Amino acid sequence: MTSLRVRLVLWLLLPLSLLVALCGWLSWRNAASVADYVQDHDLLASAKVLSDRLIWEDNDVRASVPPAALSLFVSPAHDQVFLSVIGTDGQVLAGKADFPLPQPLALRGPDRAQWYDTALQGLPMRAVVTRRAMYEAGGAREITIAVAKTTRSRDQMLQTLWRPTMEYLLLALLLAVVLSTVALTWELRPIVRLNRQLAARDPLQQDLALDPRGLHNELRPLTDTVNAFARQLRAHSQAQRRFIADAAHQLRTPLALQASQIEFARYTRAHRQDWDTRRADMDAMWQQMASSNQRLIAVSNQLLLLAQAEQDEAHHHLTPLDLGAAALAAVEELAALADKRHIDLGMDLPAEGARVHILAQAALLDALVVNLIDNALRYTPEGGRVTIGVRQAGNVAELTVDDNGPGIAAEARERVFERFYRGEHTATPGSGLGLAIVREVARAFGAEVSLSGHADGNTGLRVTVRFHAPGPHEADEAAAPAVG
């Protein structure tokens, strides 16, 4: 894995390198322009010197280039210089006879000169050509003067002008890389300290809290997120420990009872002579074992159901289901328990043919409705009343369970959703998981559960579950009532 420091330096080096390359290219162009200007100026000056050496002699123009004038063409780079002076009739008055002239000849500017690139004797040349008029009594003659020079001095000047600038740019780039590396090392110290904080923590300890002091503003959200995540893990771990402790407490009693009953059965088998006197005790023991076993099975099933509701999969793969059909199926399932306790179990459903669709999973929806009704039946005294209502208002579907039991005090209505909480009615059979399951299933469906008393002030309790009703296109996809 590449170092963050190296990656940041590379990202900084990339634009800086492009900038240095651009500046180097612009510097080279500027240096080349200056070198070209100096070279062309020298060539024109040389041509003017030759022009000044033109004289009349014996009614003809003569070009005189004394040795002193040749010193003007000497350069430190030992450039080769070629001259040519041509008369009006094409006669070469001085210099090289095969001097290449530009075609076409186009003299411009106040100096009446033309610069061009050419080659002589296989050498690249920069040349200038100009003309001077020589007057006499019979008229005027146009004399062409051409000077060519190799480009060594020009190239040398270009290097002299461009190289220092490029060296400065490369040095600046190197200094930028070094300084950025040092700066990044300095500025990344808080991350190193953060790493040390994490490394120094005992992985079994859950009191993780990163100190955001000294961190940059961009890093503080990271520590806040890590701290929040650690708090959630700590809360989940504590809830898991409480759940395991409560589950062990709930399972310990029926298991201990079964162990003692099994030991009693073994003792009775070992003392067969006392069988007749112990028959009644054995019958009571078998009843207690059956009751304990049923309680153990019920608690285990509820624990498994609660774990299923807490899984992430419960929040997905929701399908449109008929809430009224699910409530009716639960009432039919618990009708025998209501009859046994002489409780009036009724329903308040929408008009015939109307359906109230919600997004849910069939098995978990059944568990929610059954637990609500079973909880109401357990805490409603004999001869009481339990009514299940299903209705829809806009995009909200409601399931209500009303009873005329003792109710729940307002200060305890939030605690009844805690696992294994029994409240004041500890004499009523149950594990204290019913409403905890209801809330977890409701959360999986995106629903809300609330408890309230009756508006008329009578005793009893109303449990309301509010679901998000699917849109028409989702409701049309619902098949026949699927209630598991």
Item to complete: For residues that are assigned to a loop (DSSP other than H, G, I, E, B) and crowded, with 16+ Cβ neighbours inside 10 Å, scanning just the range 439-480, find the one that is modelled with the highest pLDDT.
Response: A447
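I'd like the residue in the range 22-40 that is exposed (fewer than 13 other Cβ atoms within 10 Å of the Cβ) and among the aliphatic types (A, V, I, L, M) and, out of all such residues, is farthest from the chain's Cα centre (by Cα). Before you say what the answer is, go through the steps one by one.
Let us first name the residues in the range 22-40 that are exposed (fewer than 13 other Cβ atoms within 10 Å of the Cβ), namely 22, 25-26, 29, 33, 37.
From what is left, the residues that are among the aliphatic types (A, V, I, L, M) are 22, 26.
Numbers: L22: 34, L26: 40 Å.
Only one residue fits best here, namely L26.
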Response to the item:
When K96 is run through (1) open to solvent by less than 60 Å² (accessible area, probe 1.4 Å); (2) among the charged types (D, E, K, R); (3) modelled with pLDDT of 85 or more, the failure sits at (3)
Discussion item. For the range 327-349, check the following and say yes or no: at least one residue is more than 18 Å from D402 (Cβ to Cβ), within 49 Å of the chain's Cα centre (by Cα) and either in a helix (DSSP H, G or I) or in contact (Cβ under 8 Å) with a residue 60 or more places away in the chain (or both).
Written reply: yes
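Are any residues in the range 1-28 over 30 Å from N195 (Cα atoms) and without any contact (Cβ under 8 Å) to a residue 12 or more places away in the chain, and if so, which ones?
Step one: filter the range 1-28 for residues over 30 Å from N195 (Cα atoms), giving 15-28.
Passing the criteria: P15, L18, L19, A21, L22, W25, L26.
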Item to complete: Kindly check whether there is at least one residue in the range 365-376 that is over 46 Å from the mean Cα position of the chain (by Cα) and part of a helix (DSSP H, G or I).
Response: yes
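Based on this model, can you work out whether L18 counts as open to solvent by 90 Å² or more (accessible area, probe 1.4 Å), within 30 Å of L188 (Cβ to Cβ) and at pLDDT 85 or above?
On the way: open to solvent by 90 Å² or more (accessible area, probe 1.4 Å): yes; within 30 Å of L188 (Cβ to Cβ): yes; at pLDDT 85 or above: yes.
Criteria met by L18.
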Practice prompt. Scan D246, D202 and give me the residue that is at pLDDT below 85 and in contact with a Phe, Trp or Tyr (Cβ under 6 Å, 6 or more places away or on another chain).
Written response: D246
Fill in: Number of the exception - R112 against (1) open to solvent by less than 80 Å² (accessible area, probe 1.4 Å); (2) under 17 Å from L44 (Cβ atoms); (3) in contact (Cβ under 8 Å) with a residue 12 or more places away in the chain; (4) over 60 Å from the mean Cα position of the chain (by Cα)
(1)
Worksheet item: With (1) open to solvent by less than 30 Å² (accessible area, probe 1.4 Å); (2) within 49 Å of the chain's Cα centre (by Cα); (3) of a type in the set (G, A, S) as the list, and G384 as the residue in question, which single condition is left unmet?
Response: (2)
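Could you tell me how many of the residues in the range 342-360 are over 17 Å from A330 (Cα atoms) and of a type outside the set (A, V, I, L, M, F, W, C)? Working first, answer last.
Our first condition is that a residue be over 17 Å from A330 (Cα atoms); within the range 342-360, this holds for 342, 351-354, 359.
If we keep only those that are of a type outside the set (A, V, I, L, M, F, W, C) as well, we get 342, 352-353.
Residues in the range 342-360 being over 17 Å from A330 (Cα atoms) and of a type outside the set (A, V, I, L, M, F, W, C): 3 in total.
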Discussion item. Let me spell it out: the conditions are (1) hydrophobic (A, V, I, L, M, F, W, C); (2) open to solvent by 60 Å² or more (accessible area, probe 1.4 Å); (3) without any contact (Cβ under 8 Å) to a residue 40 or more places away in the chain; (4) outside any strand (DSSP E or B), and A183 meets all of them except one. Which number is the exception?
Written reply: (2)
Worksheet item: Looking at (1) closer than 15 Å to V463 by Cβ; (2) open to solvent by 30 Å² or more (accessible area, probe 1.4 Å), can you tell me which one D403 breaks?
Response: (2)
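The values are calculated or read from the model by the stated rules, or taken from the named source; none is laboratory data. All values derive from a computational prediction rather than experimental measurement. We place every Cβ from the backbone using ideal geometry, glycine too, and count neighbours over all the protein chains shown. Accessible surface is based on the protein model in full, side chains and every heavy atom, while ligands, DNA and RNA are left aside. Shrake-Rupley method; radii C 1.70, N 1.55, O 1.52, S 1.80 Å.
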